[in-house]
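Supplied in structure tokens, the structure appears directly below.
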Amino acid sequence: MGPEWYDKSILILGCGNVLIGDDGFGPAVAQHLQGNFTIPPDVCVFDAGTSVREILFDTILSDKKPSKIVVVDAMDCARKPGELFCLDIDALPKIKLDDFSMHQIPTSNLLRELRDLCGIEVIVMACQVSYTPDGVEPGLSTPVEGAVKYAAEILALEHFK
């Protein structure tokens, strides 16, 4: 028996740390989807927290793989706070990171490997942070909180068929 997403065709990962302000956007979107939508049987919505690298490694090594992975994360890309946008994983730096770097897409190399070596469609939905606290400060800013419902609606429309 594998992880809960083992037999799913679509995996939606809400990434981030709920203790670090707007970095909790991804988990908030995952929780909103789980609490407010009927998730189809072939879709797994998962609050990955800060464990996305492990999940992606497990997926690469798994016998069964989803056809699509959607990463939902908060980032600072000098946009309007709360703005939703998709990232092109080919435009991300091709550097090896030893650990998770907040607001820099974790595992950009893993995402490319999943796409290029495993044939998985990879989508990164990001939300522009309002600010990033220096320490523990749970809770989303008003603009990012407002983007949670909108992001969930977009994901449900595009992936819950």
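The values are calculated or read from the model by the stated rules, or taken from the named source; none is laboratory data. Keep in mind the model is a prediction, meaning the values are calculated, not measured. When we count neighbours, we look across all protein chains shown, and the Cβ atoms used for this are built from the backbone with ideal geometry, even at glycine.
For the stretch 65-102, how many residues are of a type in the set (Lys, Arg) and either at pLDDT 90 or above or surrounded by 15 or more Cβ atoms within 10 Å (Cβ to Cβ) (or both)? It would help to see each step written out before you state the result.
Quick first cut of the stretch 65-102, residues of a type in the set (Lys, Arg) only: 65, 68, 79-80, 94, 96.
Okay, now just the ones that are also either at pLDDT 90 or above or surrounded by 15 or more Cβ atoms within 10 Å (Cβ to Cβ) (or both), so 65, 68, 79-80.
The total comes to 4.
So, in the stretch 35-76, how many residues would count as being touching a Gly at 6+ places or on another chain (Cβ under 9 Å) and within 17 Å of Leu155 (Cβ to Cβ)?
First pass over the stretch 35-76, keeping only residues touching a Gly at 6+ places or on another chain (Cβ under 9 Å): 45-50, 52, 58, 62-65, 67, 71-74.
Still in the running and within 17 Å of Leu155 (Cβ to Cβ): 45-48, 52, 67, 71-74.
Number satisfying all stated conditions: 10.
Related question: Consider the stretch 103-157. How many of its residues are surrounded by 14 or more Cβ atoms within 10 Å (Cβ to Cβ), free of Cβ contacts under 8 Å to residues at least 24 places away in the same chain and farther than 22 Å from Asp58 by Cβ?
Residues flagged as surrounded by 14 or more Cβ atoms within 10 Å (Cβ to Cβ), free of Cβ contacts under 8 Å to residues at least 24 places away in the same chain and farther than 22 Å from Asp58 by Cβ within the stretch 103-157 amount to 1.
Can you find a residue that is closer than 15 Å to Ile120 by Cβ and without any contact (Cβ under 8 Å) to a residue 24 or more places away in the chain anywhere in the stretch 36-59?
No; the residues of the stretch 36-59 include none that is closer than 15 Å to Ile120 by Cβ and without any contact (Cβ under 8 Å) to a residue 24 or more places away in the chain.
Name the single residue that is farthest from Ile12 (Cα to Cα) among those in the stretch 116-157 being at pLDDT 95 or above and among the charged types (D, E, K, R).
Glu145
Test each condition in (1) modelled with pLDDT of 95 or more; (2) within 25 Å of Val129 (Cα to Cα); (3) buried (at least 17 other Cβ atoms within 10 Å of the Cβ) for Asn36 and report the one that comes out false.
(3)
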